[in-house]
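K.L.:
The structure's right below; bear with me while I get my questions together.
The values are calculated or read from the model by the stated rules, or taken from the named source; none is laboratory data. In this text, all values refer to a predicted model and were calculated from it rather than measured experimentally. All Cβ positions, even for glycine, are placed from backbone atoms using ideal geometry, and neighbour counts span all protein chains on display. Heavy atoms of the whole protein, side chains included, go into the accessibility calculation; ligands, DNA and RNA do not. Shrake-Rupley method; radii C 1.70, N 1.55, O 1.52, S 1.80 Å.
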Amino acid sequence: MKVGMISFAHMHANSYATFLMDHPEAEIAAIWDDDVKRGQEMATQFETDFYHDLDELLSTDIDAVMICSENANHKEHVLKAASYKKHILCEKPIATELEDAQEMIRVCDQQGVILQVAYAVRFVPAIQKVKAVIESGRIGDVMAVNATNHGQMPGGWFVEEALSGGGAATDHIVHIMDLLRWMLQDEVKSVYAEFDTLFYDIKVEDAGLVTLELESGIIATIDPSWSRPKTFPIWGDVTMEIIGTEGSLVVDAFKQHSVLYNDQAGKIEHKPWSEDMDERLVHDFIDCVKTGRKPAITGVDGLRTLEVVKAAYRSNELKETVTLERS
């Protein structure tokens, strides 16, 4: 199966490309990037062809693309890839505006192509175990969830609202929200959020707290901050404390790691030894394309999480609870 990489703007692109190269039934057939220097460097690194023109790349016999461009450019690249009937794995969030996400989903459906959103945390083995425990009924009915997605401040275009759509809230709410919807099979009823810029001299938020009421009555909180220092041994975390009527469950998605005291790099590092979530995401996408099955994470999943992000920003602006309106 031949796959094209559209942009290496997002930090996950290197990981996806690496696992794509390692897959026995897939190859990176082409790379395009609006940053020509970066694109050519990646083409050399992954031993493939660089295209200056995206239409020229999409005119080739590739089967699918992985889109890792800036958030605000997802719509343009998804619509263009769909017009050439290429299947799509799109980095999260699906888009920066709800109307864009809706159009992306509609066009991909019309063109008969897969649109999968890159919520890789679903593929963490510990997270999948948590979902199984909840579904088994061992902790009874879920009453509340306290979750975090802390990270290092990524800089670059991530802190330019025109390209990113926002700051830490845009970057990190979506992962937790996707897990909540997937684990609990529930939707958000209302959102209350407060954001601030506390850690860095940037123009977007780097800290906040989001409180959600789900349709079932479950109360959930999310801390989506960029609060981890540059010296932190891993990029960040995903943690969840799930309270049920018969018991509680606590998970640290990236707890399975070894500690490396790296004198050469001058830092301490956490090296995960669990199955890699990006690898499993890439494998799932390849299987979707080869078998024609529905992707594990759909464009609608991406839209639903974006709706929560937008409601959180409205709540922060209005300083009041916002009732979610789903499209």
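K.L.:
So, in segment 82-113, of the ones that are open to solvent by 20 Å² or more (accessible area, probe 1.4 Å) and of a type in the set (A, V, I, L, M, F, W, C), which residue ends up farthest from residue 288 (Cα to Cα)?
P.N.:
Looking at residues that are open to solvent by 20 Å² or more (accessible area, probe 1.4 Å) and of a type in the set (A, V, I, L, M, F, W, C), I get 98.
K.L.:
Check segment 268-279 and report whether any residue there is among the aliphatic types (A, V, I, L, M) and in contact with a Phe, Trp or Tyr (Cβ under 9 Å, 6 or more places away or on another chain).
P.N.:
Within segment 268-279, one or more residues are among the aliphatic types (A, V, I, L, M) and in contact with a Phe, Trp or Tyr (Cβ under 9 Å, 6 or more places away or on another chain).
K.L.:
Can you pull out every residue in segment 160-209 that is under 20 Å from the mean Cα position of the chain (by Cα), closer than 17 Å to residue 236 by Cβ and open to solvent by 30 Å² or more (accessible area, probe 1.4 Å)?
P.N.:
Answer for segment 160-209, where residues must be under 20 Å from the mean Cα position of the chain (by Cα), closer than 17 Å to residue 236 by Cβ and open to solvent by 30 Å² or more (accessible area, probe 1.4 Å): just 209.
K.L.:
Further question: Before we move on, is residue 118 surrounded by 16 or more Cβ atoms within 10 Å (Cβ to Cβ) and closer than 20 Å to residue 228 by Cβ?
P.N.:
no
K.L.:
Closer than 30 Å to residue 243 by Cβ and either touching a strand residue (DSSP E or B) at 6+ places or on another chain (Cβ under 9 Å) or in contact (Cβ under 8 Å) with a residue 12 or more places away in the chain (or both), is that true of residue 143?
P.N.:
It is true that residue 143 is closer than 30 Å to residue 243 by Cβ and either touching a strand residue (DSSP E or B) at 6+ places or on another chain (Cβ under 9 Å) or in contact (Cβ under 8 Å) with a residue 12 or more places away in the chain (or both).
K.L.:
Of all residues being of a type in the set (Val, Ile, Thr) and within 21 Å of residue 129 (Cα to Cα) in segment 249-297, which is nearest to the chain's Cα centre (by Cα)? Just the residue, please.
P.N.:
Going through the qualifying residues, I end up with 297.
K.L.:
With the structure loaded, tell me whether residue 105 is under 18 Å from the mean Cα position of the chain (by Cα), assigned by the TED database to the domain that holds residue 184 and not polar (S, T, N, Q) or whether it fails that test.
P.N.:
In short, no.
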